[in-house]
Amino acid sequence: MGKYTIEEFVKQTKQDERENEFFELETPRVLEVNLTDQVWAKTGSMISYTGQIKFERERLLDHGVGQMFKKALTGEGASLMKARGQGRLYLADQGKKITIFELNGESITVNGNDLLAFEPGIEWDIRLMKRVAGMMAGGLFNVKLSGTGRVAITSHYEPLTLLVKPGEPVITDPNATVAWSENLTPDFRTDVSFRTFIGRGSGESIQMEFKGEGFVIVQPFEEVVMTGNSSS
């Protein structure tokens, strides 16, 4: 195992050349986009492409209202690129596992750093968590995606979905929280005793609390994103 002739290796790892759907998992960590028009993708996620494709960068702050405030908090880490043209586009993000959702008139909110790509027909809006932006390295933000079409998100290792039920709130670490259902709005709380108990930095004392009915997707990894700006 792990030993191949060159011919065997190419056969085992080559791309799937059949006509596939718009979003297709080429491997669990590589997304193939069969592009005929355009797609939104995380800036820097392109690893390869064939055909005639042009890339344009657009910061999330260029979309929607409050651009200057969003720019100050999200920094360079919050950006998307638009790929236009025809061909096959391969996307990946630091070897993270990729999950594809098909929205049917629904919404899902995704941590900004865990959004990989989505179809152009999907409506999107940046949501800043203003109350905690000054407390968390990287400035926590998320993207609400709505409509009909495919969305690809990423997680470190296997994601876990936690069900939120009335009277049974779910508490998560913001750095391990990937996405949540449309009818949930997280509250933030601090727990100094918890921070003291585990003996870590102040970021550990911030927790997300989900109440109501829905689901939260978490990953077994605390992802701290450092951006170009810092908040005090």
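Modelled spin-label separation between GLN94 and TYR157, with each label point placed 7 Å from Cα along the Cα-to-Cβ direction: 1.5 nm. Protection proxy ranking for 110-119, 143-152, 96-105, using the average of other Cβ atoms within 10 Å per residue and placing the highest first: 110-119, 143-152, 96-105. With a threshold of 30 Å on the Cα-Cα distance, the over-threshold entries among LYS3/LYS42; LYS14/LYS96; LYS3/LYS54 are LYS3/LYS42; LYS3/LYS54.
As a proxy for reagent exposure, ranking VAL39, VAL170 by other Cβ atoms within 10 Å from fewest up yields VAL170, VAL39. The stretch between ASP16 and THR148 holds 44.9 nm of extra length on full extension. This uses 0.36 nm per residue minus the Cα-Cα distance.
Readers should treat all values here as calculations from the given coordinates under stated rules, not as data from a laboratory. In this text the structure is predicted, and so the values were computed from the model without any measurement. Every residue, glycine as well, gets a Cβ built from its backbone with ideal geometry; the counts of neighbours run over all protein chains shown.
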